[in-house]
Amino acid sequence: MNAWQIFYRQLVELEGYKNILVGLQNTALIAVFGLLIGLVIGCLLAVCKIIPRNGWITKLLSAVTDVYVAVFRGTPMVVQLLLIHYVIFPALGLHIPILTEAILAFGLNSGAYVSEIMRGGILSVDAGQTEAGRALGLNYGQTMLKIVLPQAIKNVVPTLGNEFIALLKETSVVSFITVVDITKSLQNIANSTYEYIIPYIVLALIYLVLVLAVTGIIKLIERRLRASDRR
Amino acid sequence: MIDVKNVYKTFEEQPILCGINCHIRPGERVVIIGPSGSGKSTLLRCMNLMVTPDRGEIYMDGKLISPVDPTLHNGLTRNGKPDRRAIRNYEKDNRLDINLARQDMGMVFQHFNLFNNLTVLENLMLAPVQLKLMTKEEARAKAVELLERIGLADKADVYPSTLSGGQKQRIAIIRALAMNPKVMLFDEPTSALDPEMVGEVLDLMKELADDGMTMVIVTHEMGFAREIADRVLFVCDGVVKEEAPPEEFFSNPKDPRLVQFLQKVL
């Protein structure tokens, strides 16, 4: 048998494709929900950082944000994953599915990056927008939520797309905590057949296709969001 | 209606307002003019606390909306220092939440500041609905009525970026009107407009004046000031140098700086 036949046999006859589909699903789940959690955390942190620091509460929030961003940007994703799985959750006595753990870990990590992206986005919205909202009697939160954040998000969609792509690729380390993602599923095939060339090339192609698909989706979203800019 | 008491404001060590006082009565149209950098916009923006004074107080309908300035009261200082507890008690009894006060004070900006992410109709409905002053249906009816009044009903569902400057500013004005304010503050409403669009905005403001709206207007349109104002204030060096009804103000100015200013602009 040549390498192709071995790969085909493993994939189809031995039903390796089922593992690959599960892996693909896990990769997608971690990336998508990781980003969603990251977006929520990122928006909150960005607002905490941008809110006028005139009281001790706002100063505290800003300091907490600084620490959060420093910790999550300053340590490798794998290390955070290992800490969460082997140290923090056991210490808290939490027993949750490893996939959920992985999603949380990537969400927390992504939040740090998204917060910096969102901060830039919020600052890029004209101060007059906030003024107009406040002058109508809306409070700070309402103005942020209804006026500033929607415009900020629109401004940073291309950068957020970048973050999502980075996140998607970084999910390849989740097998460190025994989650079977797309990388792990093809690694399993390679390891069980001792034929490495084809599985790893296929793996690379799958990531490439995923990223290209995401790029297309981001472009679509950008175009839709730009509806309010059109003349 | 609005009372500005002994207000000081400094921006980056540059004194802008230096103990300014003025009083706006209900139903009155007050026009504020002055050289650029004189503090006239800052004065206007203090009235709804878009700018917080360093010292001095702002009152709206007799209620304090700015922080307390203890030096303006008896019994709020002890041994020459602010008495925290007395101030807190005074605020509890006399201070009106600024967000509530702003619901009664419409503001129109030089650069319109329509919400770019919302359609014209949504711009008009956002605040009344968010602040639970109207239901969605009421707010929509009010918005459509206002749009019809200014002849822009066909623009209800477009985004602000498709509008001309004059249209934007007129919609900014009715956005403030949608809140049924008691007073309207105008911060150089025509300064950013192409000349041919100034007229339509001034016409709408005149209509408002004829309806009896209380208005405070910072502007460089002297003809408009003369026509519409009950009283004109000349602000210079952070104080009100002169105030008078328009005929007297323009034909018989007394302050030498005002004489000089009018010579340049008229």
Quick one: which of A:Leu210, A:Leu203 is out of contact with any Lys or Arg (no Cβ under 8 Å at 6 or more places or on another chain), in a helix (DSSP H, G or I) and without any contact (Cβ under 8 Å) to a residue 24 or more places away in the chain?
A:Leu203
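Yes or no, residue by residue, for (1) within 26 Å of A:Gln151 (Cα to Cα); (2) within 13 Å of chain A (Cβ to nearest Cβ); (3) in contact with a Gly (Cβ under 7 Å, 6 or more places away or on another chain); (4) in a helix (DSSP H, G or I):
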site	(1), (2), (3), (4)
B:Ala127	yes, yes, yes, yes
B:Lys132	yes, yes, no, no
B:Gly166	yes, no, no, yes
B:Ala172	yes, yes, no, yes
B:Phe186	yes, yes, no, no
B:Ala192	yes, yes, yes, no
B:Lys206	no, no, no, yes
Inspect the range B:185-194 for any residue being in contact with a Cys (Cβ under 9 Å, 6 or more places away or on another chain), surrounded by 16 or more Cβ atoms within 10 Å (Cβ to Cβ) and at pLDDT 90 or above and give the result as yes or no.
no
Outside any helix (DSSP H, G or I), of a type in the set (D, E, K, R) and within 28 Å of A:Asn155 (Cα to Cα), is that true of A:Arg73?
no
Of (1) out of contact with any helix residue (DSSP H, G or I) (no Cβ under 6 Å at 6 or more places or on another chain); (2) farther than 16 Å from A:Leu167 by Cα; (3) of a type in the set (Gly, Ala, Ser), A:Gly16 satisfies every one except (1)
Conditions: (1) more than 27 Å from A:Ile37 (Cα to Cα); (2) facing chain B (nearest Cβ under 9 Å); (3) in contact with a helix residue (DSSP H, G or I) (Cβ under 8 Å, 6 or more places away or on another chain); (4) part of a helix (DSSP H, G or I). A:Gly137 meets all but one. Number of the miss?
(4)
Mind telling me which of the residues A:Ile206, A:Ile197, A:Ile201 ends up being over 21 Å from A:Thr171 (Cα atoms) and surrounded by 10 or more Cβ atoms within 10 Å (Cβ to Cβ)?
A:Ile197
I'd like to check something: does the range A:80-94 contain any residue that is outside any helix (DSSP H, G or I), more than 18 Å from the chain's Cα centre (by Cα) and more than 14 Å from every other protein chain (Cβ to nearest Cβ)?
yes
For the range A:162-175, does any single residue satisfy the condition of being surrounded by fewer than 21 Cβ atoms within 10 Å (Cβ to Cβ), more than 30 Å from A:Pro199 (Cα to Cα), of a type in the set (S, T, N, Q) and away from chain B (no Cβ under 14 Å)?
no
Do we have any residue at all in the range A:119-133 that's more than 14 Å from chain B (Cβ to nearest Cβ) and either touching a strand residue (DSSP E or B) at 6+ places or on another chain (Cβ under 6 Å) or surrounded by fewer than 21 Cβ atoms within 10 Å (Cβ to Cβ) (or both)?
yes
How about the range B:232-254: which of its residues are among the hydrophobic types (A, V, I, L, M, F, W, C), free of Cβ contacts under 8 Å to residues at least 24 places away in the same chain and part of a strand (DSSP E or B)?
B:Ala244
Could you please let me know if A:Lys184 is basic (Lys, Arg), more than 14 Å from chain B (Cβ to nearest Cβ) and buried (at least 17 other Cβ atoms within 10 Å of the Cβ)?
yes
Can you tell me which residue within the range B:68-93, out of those that are outside any helix (DSSP H, G or I) and touching a strand residue (DSSP E or B) at 6+ places or on another chain (Cβ under 8 Å), is surrounded by the most Cβ atoms within 10 Å (Cβ to Cβ)?
B:Asp69
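Could you tell me which residue of the range B:174-184 is nearest to the other protein chains (Cβ to nearest Cβ), considering only residues that are part of a loop (DSSP other than H, G, I, E, B) and hydrophobic (A, V, I, L, M, F, W, C)?
Taking the candidates together, the pick is B:Met179.
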Output the residues belonging to the range B:134-162 that are facing another protein chain (nearest Cβ under 8 Å) and part of a loop (DSSP other than H, G, I, E, B).
B:Tyr159
Which members of the range B:9-53 meet the condition of being under 15 Å from B:Met105 (Cα atoms), away from chain A (no Cβ under 14 Å) and among the aliphatic types (A, V, I, L, M)?
B:Ile24, B:Val30, B:Leu43
Across the range B:96-110, the tally of residues that are buried (at least 19 other Cβ atoms within 10 Å of the Cβ) and not in a helix (DSSP H, G or I) stands at 5
Tally up the residues in the range B:122-139 that are surrounded by 18 or more Cβ atoms within 10 Å (Cβ to Cβ) and touching a residue at least 12 places away in the same chain (Cβ under 8 Å), please.
7
By residue number, the members of the range A:140-159 that are closer than 28 Å to A:Ala70 by Cα, within 7 Å of chain B (Cβ to nearest Cβ) and free of Cβ contacts under 8 Å to residues at least 24 places away in the same chain are A:Pro150
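The values are calculated or read from the model by the stated rules, or taken from the named source; none is laboratory data. Since the model is a prediction, treat every value here as computed from it, not as a measurement. We place every Cβ from the backbone using ideal geometry, glycine too, and count neighbours over all the protein chains shown.
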